[in-house]
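Asker: Attaching a single structure in structure tokens format; questions to follow.
The values are calculated or read from the model by the stated rules, or taken from the named source; none is laboratory data. Bear in mind that the values here come from a model prediction, so they are computed numbers and not experimental data. Positions of Cβ are generated from backbone atoms using ideal geometry, with glycine treated the same way; all protein chains shown enter the neighbour counts. Remember, those area values only see protein heavy atoms, side chains included, never the ligands or the DNA or RNA. Shrake-Rupley method; radii C 1.70, N 1.55, O 1.52, S 1.80 Å.
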Amino acid sequence: LKLIIGVVILVSILGVIGGVYYFNSKNKEEVLEEAKSVGIVKITDENFTDEVINSSEPVILEFSSNSCPPCVAMLTTLINIAKNNQDIKVATLNVDASDCKSLVKRFPTSGTPTIMIFKDGKKISTLVGDVSEEKIMSELK
């Protein structure tokens, strides 16, 4: 148990360091603008069913927070996935936003960033933390 807690703490620290580094090289607005330009969809309570449940393609959905540097680092990974995989929908949901309250209750998370992967309208995987592109893509197979 101590080893698991130590690993979780180390991964969290590395995620924060990565997020802080990324903030220094690109500001948050630039990252968000790039996310829009590659087609990453902003999910709300209103569009969740159409964009995620009824999607004909698999969906990678990031649950993020305004106060989460690792979420910005994770977004850069998602931008890369969106650029290189036209057959996968990539989306984000801000857990702090007032237009996502029912989804936050419906899909509770233990922290941010959390990645949920949906296929054929069903959640097939949940990943917590700043995970690699390879790990995310392996969950889609």
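Asker: Just need a number here: residues in region 129-141 that are within 23 Å of Asn66 (Cα to Cα), touching a Pro at 6+ places or on another chain (Cβ under 9 Å) and open to solvent by less than 50 Å² (accessible area, probe 1.4 Å). Full working, then the answer.
Answerer: First pass over region 129-141, keeping only residues within 23 Å of Asn66 (Cα to Cα): 129-133, 136.
Filter again for touching a Pro at 6+ places or on another chain (Cβ under 9 Å), leaving 129-131.
Subset that is open to solvent by less than 50 Å² (accessible area, probe 1.4 Å): 129, 131.
Number of matching residues: 2.
Asker: Of the residues Thr44, Thr49, which single one is more than 16 Å from the chain's Cα centre (by Cα), at pLDDT 95 or above and either not in a helix (DSSP H, G or I) or not hydrophobic (A, V, I, L, M, F, W, C) (or both)?
Answerer: Criteria check complete, one pass: Thr49.
Asker: Which residues, counting only those in region 86-141, are part of a loop (DSSP other than H, G, I, E, B), more than 13 Å from the chain's Cα centre (by Cα) and among the aliphatic types (A, V, I, L, M)?
Answerer: Those that are part of a loop (DSSP other than H, G, I, E, B), more than 13 Å from the chain's Cα centre (by Cα) and among the aliphatic types (A, V, I, L, M): Ile88, Ala97, Leu140.
Asker: Out of all the residues in region 58-85, which are assigned to a helix (DSSP H, G or I), touching a residue at least 12 places away in the same chain (Cβ under 8 Å) and of a type in the set (S, T, N, Q)?
Answerer: Of everything in region 58-85, those that are assigned to a helix (DSSP H, G or I), touching a residue at least 12 places away in the same chain (Cβ under 8 Å) and of a type in the set (S, T, N, Q) turn out to be Thr76, Thr77, Asn80.
Asker: Which residue pairs have Cβ atoms closer than 6 Å, lie 6 or more positions apart in sequence or on different chains, and pair a first residue in region 28-53 that is among the small types (Gly, Ala, Ser) with a second residue that is at pLDDT 95 or above and surrounded by 13 or more Cβ atoms within 10 Å (Cβ to Cβ)?
Answerer: If the second residue must be at pLDDT 95 or above and surrounded by 13 or more Cβ atoms within 10 Å (Cβ to Cβ), the pairs left are Ala35/Ile79; Gly39/Ala82.
Asker: Please find, within region 53-78, the residue that is surrounded by the fewest Cβ atoms within 10 Å (Cβ to Cβ) out of those that are closer than 21 Å to Val131 by Cα and of a type in the set (Val, Ile, Thr).
Answerer: If we take residues in region 53-78 being closer than 21 Å to Val131 by Cα and of a type in the set (Val, Ile, Thr), then Thr76 is surrounded by the fewest Cβ atoms within 10 Å (Cβ to Cβ).
Asker: Still on this structure: Of the residues Thr109, Thr126, which is open to solvent by 30 Å² or more (accessible area, probe 1.4 Å) and in contact (Cβ under 8 Å) with a residue 24 or more places away in the chain?
Answerer: Criteria check complete, one pass: Thr109.
Asker: On the given criteria, is Asn84 surrounded by fewer than 13 Cβ atoms within 10 Å (Cβ to Cβ) and within 16 Å of Ser132 (Cα to Cα)?
Answerer: On the way: surrounded by fewer than 13 Cβ atoms within 10 Å (Cβ to Cβ): yes; within 16 Å of Ser132 (Cα to Cα): yes.
Considered against the rule, which asks whether it is surrounded by fewer than 13 Cβ atoms within 10 Å (Cβ to Cβ) and within 16 Å of Ser132 (Cα to Cα), Asn84 comes out as yes.
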